[in-house]
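Trainee: Pasting in a structure now, in structure tokens, and then I'll have a few things to ask.
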Ligand code: HEM
């Protein structure tokens, strides 16, 4: 992800950018456990940071500063490298070239591009890694899936080269494995909370504007009416569905979220997985 965002080749876990981003991610995740307190009891946000018991606020401020540094430092280095004409092409250089006018960027441009780049790491690494680790776990527990996938690859691709993205359409069983990985152990089992912008209703329940809305991705992926024996990792379940049902029950329809905040990295994630 660092390569895509900044053309930065992270060669080891000790890499400066990775260590920095991981520290920021740990700090942000840590506040994720206590900050809902302030979401549910908004008056808590007015507690002064020095007060005993306001540790969650101090932690949130530290995390904010770490995230800001993680966003600022790589971006500044790219801007400096571009000025010297030695920046390698990346998402960041591309965006700068697209939006700059006569070589100049507004403060808003700098803010938007630097944050878009850093959030690629923040939102894209753990989710993709989680999904790949789930895949390894499933393939270890279900070796028959490996055999079937290998047979498909050998038949379609042969044994003299590795599969490429262009082969994907010709490897339907592999596609079913990807779908089953998303379903079996979704990376964000409760999605990301949304807030209703207008009154709504669901199954007779009135849902007033402003309500927090948590989508239970885990329950959707475990619905035995849609996926019989949901605890079993069985990519064949998608092969056995007709095209219309397979499309309607495609876990990619809910594991990447909903509406206008749907995951913008879903195509990149799908391709890299
Ligand atoms: C398997 C991999 C991934 C999964 C399961 C995943 C899942 C999600 C989910 C559930 C959301 C919340 C959507 C909502 O609010 O309804 C989200 C948001 C987001 N994702 Fe991903 N994601 C993945 C990979 C990526 C990658 C690779 C990137 C970037 C390179 C990325 C960038 C983002 C961003 C920026 C948001 C926030 C969007 C917004 O709030 O407007 N994600 N993702």
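Trainee: Would you be able to say whether some residue in region 223-245 is free of Cβ contacts under 8 Å to residues at least 60 places away in the same chain and within 22 Å of the chain's Cα centre (by Cα)?
Mentor: no
Trainee: Show me the helices (runs of 4 or more DSSP H) entirely contained within region 1-80 in which 1 or more residues are modelled with pLDDT under 85.
Mentor: Result: 16-34, 36-40.
Trainee: Go through 215, 188 for me and flag whichever is within 24 Å of residue 123 (Cβ to Cβ) and in contact (Cβ under 8 Å) with a residue 60 or more places away in the chain.
Mentor: 188
Trainee: Here is a follow-up. Is it the case, given these coordinates, that residue 236 is in contact with a helix residue (DSSP H, G or I) (Cβ under 8 Å, 6 or more places away or on another chain) and more than 12 Å from the ligand (Cβ to nearest atom)?
Mentor: Criteria met by residue 236.
Trainee: OK, next. Among the residues of region 82-108, how many are more than 16 Å from residue 4 (Cα to Cα) and without any contact (Cβ under 8 Å) to a residue 12 or more places away in the chain?
Mentor: The number of residues fulfilling the criteria is 14.
Residues are listed down the side, and each one gets a yes or a no for (1) under 27 Å from residue 261 (Cα atoms); (2) surrounded by 15 or more Cβ atoms within 10 Å (Cβ to Cβ); (3) in contact with a helix residue (DSSP H, G or I) (Cβ under 9 Å, 6 or more places away or on another chain):
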| residue | (1), (2), (3) |
| --- | --- |
| 67 | yes, yes, yes |
| 75 | yes, yes, yes |
| 85 | no, no, no |
| 93 | yes, yes, yes |
| 106 | yes, no, yes |
| 109 | yes, yes, yes |
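Trainee: Can you go through 1, 18 and tell me which one is without any contact (Cβ under 8 Å) to a residue 40 or more places away in the chain, under 16 Å from residue 121 (Cα atoms) and surrounded by 14 or more Cβ atoms within 10 Å (Cβ to Cβ)?
Mentor: Testing whether each residue is without any contact (Cβ under 8 Å) to a residue 40 or more places away in the chain, under 16 Å from residue 121 (Cα atoms) and surrounded by 14 or more Cβ atoms within 10 Å (Cβ to Cβ) leaves just 18.
Trainee: Could you tell me whether residue 115 is away from the ligand (no atom under 12 Å from the Cβ), under 30 Å from residue 72 (Cβ atoms) and not in a loop (DSSP other than H, G, I, E, B)?
Mentor: no
Trainee: For residue 97, which of the numbered conditions (1) surrounded by fewer than 16 Cβ atoms within 10 Å (Cβ to Cβ); (2) touching a helix residue (DSSP H, G or I) at 6+ places or on another chain (Cβ under 7 Å) fails to hold?
Mentor: (2)
Trainee: While we're on this one: Just to check your reading of the model, which residue among 155, 148 is away from the ligand (no atom under 16 Å from the Cβ), touching a residue at least 12 places away in the same chain (Cβ under 8 Å) and part of a helix (DSSP H, G or I)?
Mentor: Exactly one residue qualifies, and that residue is 148.
Trainee: Let me ask you something else. Restricting the search to region 182-201, which residues are farther than 21 Å from residue 29 by Cα and near the ligand (Cβ under 9 Å from one of its atoms)?
Mentor: 182
Trainee: Would you check if there is a residue in region 40-59 being under 19 Å from residue 119 (Cβ atoms) and free of Cβ contacts under 8 Å to residues at least 24 places away in the same chain?
Mentor: Checking region 40-59: not a single residue is under 19 Å from residue 119 (Cβ atoms) and free of Cβ contacts under 8 Å to residues at least 24 places away in the same chain.
Trainee: Report yes if residue 209 is away from the ligand (no atom under 16 Å from the Cβ) and farther than 22 Å from residue 176 by Cβ, otherwise no.
Mentor: So residue 209 fits the description; yes.
Trainee: Output the residues belonging to region 249-272 that are more than 6 Å from the ligand (Cβ to nearest atom) and touching a helix residue (DSSP H, G or I) at 6+ places or on another chain (Cβ under 9 Å).
Mentor: Once the filter is applied, which keeps residues that are more than 6 Å from the ligand (Cβ to nearest atom) and touching a helix residue (DSSP H, G or I) at 6+ places or on another chain (Cβ under 9 Å), region 249-272 yields 249, 250, 251, 252, 253, 254, 266, 270, 271, 272.
The values are calculated or read from the model by the stated rules, or taken from the named source; none is laboratory data. In this text, all values refer to a predicted model and were calculated from it rather than measured experimentally. All Cβ positions, glycine included, derive from the backbone under ideal geometry; neighbour counts span all protein chains shown.
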